[in-house]
1. Return the total of residues in region 62-87 being free of Cβ contacts under 8 Å to residues at least 40 places away in the same chain, loosely packed, with under 14 Cβ neighbours inside 10 Å and either of a type in the set (Asp, Glu) or not in a strand (DSSP E or B) (or both).
2. Please verify whether ASP52 is in a helix (DSSP H, G or I), at pLDDT below 75 and over 19 Å from LEU129 (Cα atoms), treating the condition exactly as stated.
3. Filter region 88-118 down to residues that are assigned to a helix (DSSP H, G or I), among the polar types (S, T, N, Q) and surrounded by 15 or more Cβ atoms within 10 Å (Cβ to Cβ) and give me whichever is farthest from the chain's Cα centre (by Cα).
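The values are calculated or read from the model by the stated rules, or taken from the named source; none is laboratory data. Note that the structure is predicted; figures quoted are calculated from it, not measured. Using ideal geometry, Cβ is built from the backbone for each residue, glycine included, and neighbour counts are taken over all protein chains shown.
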Amino acid sequence: MDCYEPVDDYCNAWQPHNLQIPPNTCNFDLDQFFIAIELEVTRPVVDDCEEDEQEEENCNFLQVESNDLFTFWAPCPRIEHGNLPNDKISSMLSRAGVPKHKQRFMVDMISSRADEIANAARNEDTRVLPMIISISIVACLCYGETVIDPEQPNEGFVHENDTPEVASLDFDKALVFFDWK
């Protein structure tokens with residue numbers, strides 16, 4: 001995959017109705033966002049598909065490298081705009097493993113959704129505001145992101161020269177609090 005080709009990175013954020021929120025040890029002088037980031041990282045794969053087979057469903061061009069969940073607490077000042085500051089969003093995305101060059105559209109969208117959640121009439125008396133952020137990114141080899149060796153597809157996915165942003169995920173934050181009923 002050429003790094004100049006557009007890729008279909010995905011990001012969406014919403015307020016769930018079934019998210020179990022753990023006890024918080026944070027300061028409750030302010031209302032809080034409880035944020036769960038679901039991150040899927042895919043990578044390009046070299047496939048044996050012939051050119052005429054590339055339209056077929058069984059011809060895979062991307063393979064899921066990892067699926068992780070990260071949770072964060074963030075204060076919510078309940079103002080019209082900027083309830084979740086862009087630098088805080090970028091920091092959370094970086095800690096989850098989203099490379100900086102992929103964050104711009106995500107930060108804007110997440111900030112807008114955070115403002116919608118904070119200012120929604122149904123949340124007026126709610127101290128903890130849950131938000132799920134679902135992200136799927138395609139790792140690009142040109143930026144030193146996760147790399148697969150086509151000769152050794154079942155060996156480790158991360159090479160020694162990878163950037164720590166993607167290769168060193170903070171697994172202490174990967175706690176699942178979903179109630180899938």
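1. 5
2. The answer is yes for ASP52.
3. Only one residue tops the list, namely SER111.
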